[in-house]
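The values are calculated or read from the model by the stated rules, or taken from the named source; none is laboratory data. These figures come from a predicted structure and were not determined experimentally. All Cβ positions, glycine included, derive from the backbone under ideal geometry; neighbour counts span all protein chains shown.
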Amino acid sequence: MFTGIINAVGKITAIERKGGDCRLTINTGKLPLSDTLTGDSIAVNGVCLTAVKLGKRHFCADVSNETMARSTLKNAVVSTPVNLELALTPTTRMGGHIVSGHVDGIGELVEKKADGRSVRLTFKVPDDLAKYIAEKGSISINGISLTVNTVNGALFSVNIVPHTLKETTLADIAVGNQVNLEVDLLARYLERLLQGDAAAKPQDTITEALLQDSGFLR
């Protein structure tokens, strides 16, 4: 688990393709690895990866076919900068929100404009994720915990303050760039809970009939 507060910006230094999946080597920049062990989790642009090999300033991680399909790591190239965060501990300050590192989908930046000393970014999300994004709710973008400012259909906006611009890869994001998205865990679990006993049966969407059959409507 993570908080969405980025520890450092690293860089992909090697990509070894292995029959559809791959192994990444990532330079960790200022990220401290002194107490990190092989098998520990590190979030890379919001994707929870397992460190399979550690060096003083780098680690290697395997990326599965599922992760490649769900995230922007499938488009990664050598020298791509990435946001890094070590897994939280019992003494970690919860400055962001609970982030699992399990990417829900890919969004696209459609607008970037100045907003005082901040920058306002507007993203388009896949239609099936739009229902999980709420105004003033939390969302993880490339592993960064952010507050949703506005929602309009499949579009939502966030404000990036100067500190976040300085300490993450968002300073260089451009319109058309894709990002990893993780919606708030509470929204995911609430949807499943609302299905009641029908959760054991295959369902494409939550309908009024489903809610009534499950006892949520009278």
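Side notes on the structure shown:
- Filter pass, Ala69 being closer than 30 Å to Tyr189 by Cα, in a strand (DSSP E or B) and not assigned by TED's automatic domain parsing to the domain that holds Val125: no
- Residue ID - nearest to Cys48 (Cα to Cα), chosen from residues in the stretch 149-186 that are crowded, with 20+ Cβ neighbours inside 10 Å and without any contact (Cβ under 8 Å) to a residue 60 or more places away in the chain: Leu170
- The lone exception for Thr38 - which of (1) over 25 Å from Ser145 (Cβ atoms); (2) among the hydroxyl-bearing types (Ser, Thr, Tyr); (3) within 20 Å of the chain's Cα centre (by Cα) it fails: (3)
- Considering Glu85, Glu108, the condition of being surrounded by 21 or more Cβ atoms within 10 Å (Cβ to Cβ) and modelled with pLDDT of 90 or more is satisfied by Glu85 alone.
- Long-range neighbours under 7 Å by Cβ, at least six apart or interchain, first residue under 28 Å from Leu109 (Cβ atoms) and at pLDDT below 95 within the stretch 48-74, second surrounded by fewer than 21 Cβ atoms within 10 Å (Cβ to Cβ) and aromatic (Phe, Trp, Tyr): none
- For the stretch 89-138, residues that are under 14 Å from the mean Cα position of the chain (by Cα), acidic (Asp, Glu) and part of a strand (DSSP E or B) total 1.
- All positions within the stretch 29-50 that are crowded, with 19+ Cβ neighbours inside 10 Å and either over 11 Å from Glu85 (Cβ atoms) or of a type outside the set (S, T, N, Q) (or both): Leu31, Ile42, Ala43, Val44, Gly46, Val47, Cys48, Leu49
- Residue count for the stretch 21-50, restricted to those that are under 15 Å from Ser64 (Cβ atoms) and not hydroxyl-bearing (Ser, Thr, Tyr): 8.
- Only one of Gly101, Gly176, Gly96 that is under 26 Å from Thr80 (Cα atoms) and modelled with pLDDT of 95 or more: Gly176
- On the stretch given as the stretch 1-51, residues that are within 23 Å of Leu88 (Cβ to Cβ) and part of a loop (DSSP other than H, G, I, E, B) total 21.
- Breaking point among (1) crowded, with 17+ Cβ neighbours inside 10 Å; (2) among the small types (Gly, Ala, Ser); (3) at pLDDT 95 or above, for Gly4: (3)
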